[in-house]
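Single-structure report; data block below.
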Amino acid sequence: LCVPNDASLREALLTEAHSSPFSVHLDSTKMYHDLKQHFWWSGMKRDVATFVSRCLICQQVKIEHQRASGLLQPLDIPVWKWDKISTNFVTGLPRTQRRHDAIWVVVDRLTKSAHFLPIRK
């Protein structure tokens, strides 16, 4: 459907597609993709991007508008064996005869020596 050059009509379509109780505040790419299946007007992609960029809810909630958490920091190198360790759990394994279904992994960060301990989840 070709939408006429009527700003209030286009604004109503954009509002319904983006901010109605049945919409989920889509980003501009997804919203444009959904709208272009049924509607078209000259400059539609630009209008959709502008509309979404002015949405206060999207500005406050969407993850891309949150401050970055910062750079990764390297771990310090331990001085003694077993002074600093890393641990992890491997779960979702089939049960053994002793009913173990997980592994506790303990790694010395200096020597990279690893111990694998069978455990029950």
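The values are calculated or read from the model by the stated rules, or taken from the named source; none is laboratory data. Note that the structure is a prediction, hence the values are computed from the model and not measured. No Cβ is skipped: glycine too gets one built from the backbone with ideal geometry, and neighbour counts run over all protein chains shown.
Against the numbered list (1) in a helix (DSSP H, G or I); (2) touching a strand residue (DSSP E or B) at 6+ places or on another chain (Cβ under 6 Å), residue 13 comes up short only at (2). Checking segment 62-79 against the condition returns no match, with no residue being surrounded by 14 or more Cβ atoms within 10 Å (Cβ to Cβ), modelled with pLDDT under 95 and in the same structural domain as residue 19 (by TED's automatic domain parsing). Evaluating residue 103 against the criteria (1) in a helix (DSSP H, G or I); (2) of a type in the set (A, V, I, L, M, F, W, C); (3) closer than 30 Å to residue 116 by Cβ leaves one unmet condition, (1). The single condition among (1) at pLDDT 90 or above; (2) out of contact with any helix residue (DSSP H, G or I) (no Cβ under 9 Å at 6 or more places or on another chain) that residue 21 does not meet is (1). Filtered by the rule that a residue be part of a helix (DSSP H, G or I) and loosely packed, with under 13 Cβ neighbours inside 10 Å, segment 46-61 gives 46, 50, 53, 56, 57, 59, 60, 61.
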